Amino acid sequence: KIEDNMNPHINAMDFQIGDTIVDRAEEIIKELENKVKKPFSDVIKANVGDSHAMGQKPITFFRQVLALVAYTPLMNDPNIPSDSKERAREILSGCAGGSIGSYTDSAGITHGMEVIRRQVARFIEKRDGVPSRWEDILLFNGVSEAINLMLTLLNKEIDGKKSGVLLPVPAFLQFPVFIMQYNMQLIKYFLDETKGWNINIAAMEKVVKEARTKCNPRAVLIMNPGNPTGQLMARENVEEIIKFAYKEHLLILADEVYQDNVYAKCESFSSFKKVLMEMGEPYNTMQLASFNSCSKSFVGECGIRGGYMELINVDPEEQKVLKKAVSVEVCSNTFGQCVIYAMTKPPEENEPSYQLYVTERRAVLDSLAKRAHTVTEVFNNTEGISCNEIQGAMYAFPRIYLPQKAIDKAVSLKQSPDFFYAMQLLENTGICVVPGIGFGQEPGTYHFRSTILLQPEKLEVMLKRFQDYQIKFLKEYK
């Protein structure tokens, strides 16, 4: 039996809700290829946050730097701007043998120069207006790897109780899985949908108090802007969490991969580090780990797998242990490191790539902002659906008000009502979304997550199909 031969915590991981929908979508694609008659012509994958797969074009500057470090004879190509070549030379100067194919230091490309980590520190310092040390920067194959590492280090039984991690619900699909795989205690608290998916400190205090009877709460894991909910934390919310974490002696793990994906006109992104430092004592001495990636934002280089972590106020001896754990993986992939370097050192105003870079960047973010507004508006103008404003990130998480007849039908099929809805949506329209049960939701409420990454023309098609189907669905089940 599987349970007799494998780690039970791995076996217990459950991506089934999302995977079942996606598997069926792939089957439908093959059926369409084989001329099976459907009430739609194609499958629209609105289930995944993969920018380039959805049609977003790569940023020219980043790809030029990658091409140059991979194939150095391109340095002689007069069509490639000098600033792209300069970045490539800087990266290669930190590579053993001057080759991107060499192993790097476990923390990142070094060869005596810490090229990328120093640049990331300068980027963070410019963003926040407070000092950043390159020694506190570590590079990873994406943010997931970095968060996994931190959970590994926190996973220690104390006084017979396992470690616990506080997590907002709805939560990014992988976060509960990360916590479960180490047999840590998942401490859930619900975001307040009626208040724009805002935090509720009183609810957080209550669940921590209850959790202490069976585990040792060690950390609070936050994503800002949020996935799947698309909310942006106002500065006062960030301050509330910092005060809460200080009071409860929790390490803050701040996933800030969507920091450039901000669409709310009245708010701007406030990093946890910036707020923590500006709050002064005693908060500016708290431990914090913050994360960023080249997978999201306007960059969208998901498959290249590049990410970094900054450690704030972490004891040097603790950092040694952490770096020891990092060294087990030898090094993160060098192409990911290269994109992190280019992302944190973009063209400056006096450089030849600047105008194209700014134009491409702005075009992506402006288009996403328009799509966020359109999706919010369409969902809120559709009967049986409500959706909080998409303030950031790349997703909508609308609530579905299901008729009792539809709920009863789902129960008869032994399915959760939102899974039933998502599957019916796929079978009748070809639209693939992820049911809310996979992310967690308040009992008695139903949701689904849809990306806003579809290009405008495809998004328009999707929204029209969705609205037409919703009318038919309500008519059938009311």
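Would you please name the trypsin sites (Lys or Arg not before Pro) within segment 183-279 that are DSSP coil residues with at most 14 other C-beta atoms within 10 Å of their C-beta?
R212, K214, K265
Given points 7 Å out from each Cα along the Cα-Cβ axis, report the Q467 to R89 separation in nanometres with one decimal.
5.5 nm
Are there any GluC sites (Glu not before Pro) in segment 155-252 that are in a DSSP loop and have at most 12 other Cβ atoms within 10 Å? List them by number.
E157
From the P(r) of segment 250-347, could you give the percentage of C-alpha pairs in the tail past 16 Å?
Across segment 250-347, Cα pairs with separations above 16 Å total 65 percent.
So, for the chain, what is the accessible surface per residue at a probe of 1.4 Å, expressed in square angstrom?
For the chain, the solvent-accessible area averages 44 Å² per residue.
Packing-wise, with mean Cβ within 10 Å as the measure, how do 337-343, 60-66, 223-229 rank, highest first?
The most tightly packed comes first, giving 337-343, 223-229, 60-66.
Under 8 Å for C-alpha pairs, at least 6 residues apart: give me the relative contact order for the chain, rounded to a whole percent.
Value for the chain: 22 percent.
For E33, E427, give me the order by solvent-accessible area with a 1.4 Å probe, most accessible first, ignoring ligands, DNA and RNA.
Result, largest first: E33, E427.
Kindly point out which whole DSSP H helices in the chain project their C-alpha atoms 30 angstrom or further along the helix axis while averaging a Kyte-Doolittle hydropathy of -1.0 or above.
Flagged H segments are 354-380, 456-477.
Taking a spot 7 Å from the Cα of K478 along the direction of its beta carbon, which residues of segment 403-434 have an amide N less than 12 Å from it?
403
Can you list the residues, at least 5 places off or on another chain, whose amide H is less than 5 Å from the amide H of T229, using H built in the peptide plane?
none
Only bridges with both residues in the chain count here: give the DSSP antiparallel percent, nearest 5.
50 percent
When the solvent-accessible surface of protein heavy atoms is calculated with a 1.4 angstrom probe, in what order do D255, D77, D159 fall, highest first?
Greatest to least solvent exposure: D159, D77, D255.
A 23 angstrom limit on the alpha carbon distance is what I want to check against. Which of K414/K458; K188/K243; K296/K370 exceed it?
K414/K458, as the Cα separations exceed 23 Å there.
Roughly how far apart, in whole Å, are the Cα centres of segment 206-246 and segment 406-464?
Result: 27 Å between the Cα centres.
At 0.36 nm per residue, minus the direct Cα-Cα distance, what do E383 and V358 gain on full extension? Give it in nm, one decimal, please.
Value of the extension gain: 5.0 nm.
Express the relative contact order of segment 320-478 as a whole percentage, based on alpha carbon pairs under 8 Å and six or more residues apart in sequence.
That works out to 20 percent.
If I model segment 229-297 as equal point scatterers sitting on the Cα atoms and use the Debye formula, what is log10 I(q)/I(0) at q = 0.26, 0.27 Å⁻¹?
Each listed q corresponds, in turn, to -1.23, -1.28.
Quick one: dipole size for the chain, taken about the Cα centre, charges +1 on Lys/Arg Cβ and -1 on Asp/Glu Cβ, in debye to the nearest 20.
The calculation lands at about 700 debye.
Once every DSSP H run of n ≥ 4 in the chain is given -39500 (n - 2.57) and the sum is divided by its residues, what mean residue ellipticity at 222 nm do you get, rounded to the nearest 500 deg cm²/dmol?
Taking each H run of at least 4 residues, the total per residue is -13500 deg cm²/dmol.
Stokes-Einstein at 4 °C, 1.567 mPa s, Kirkwood radius from Cα pairs: D for the chain in µm² s⁻¹?
54 µm²/s
Counting only protein heavy atoms and using a 1.4 Å probe, what share of the accessible area of segment 301-358 belongs to carbon plus sulfur, as a whole percent?
Carbon and sulfur: 56 percent of the exposed surface of segment 301-358.
At a Förster radius of 30 Å, what calculated FRET efficiency corresponds to the Cβ-Cβ distance of A96 and N350, to the nearest 0.05?
0.40
Work out how much length L32 to K247 would gain on full extension: take 0.36 nm times their residue separation and subtract the Cα-Cα distance, in nm to one decimal.
Working it through step by step, the gained length comes to 71.7 nm.
I need the trypsin sites (Lys or Arg not before Pro) found in segment 365-421, filtered to DSSP loop residues with at most 11 other beta carbons within 10 Å of theirs.
K414
The values are calculated or read from the model by the stated rules, or taken from the named source; none is laboratory data. Being a predicted model, the structure only gives us computed values, none of them experimental. In this analysis, Cβ positions are derived from the backbone assuming ideal geometry, glycine residues included, and neighbour counts consider all displayed protein chains. Calculation scope for accessible area: heavy atoms of the full protein, side chains included, ligands and nucleic acids excluded. Shrake-Rupley method; radii C 1.70, N 1.55, O 1.52, S 1.80 Å.
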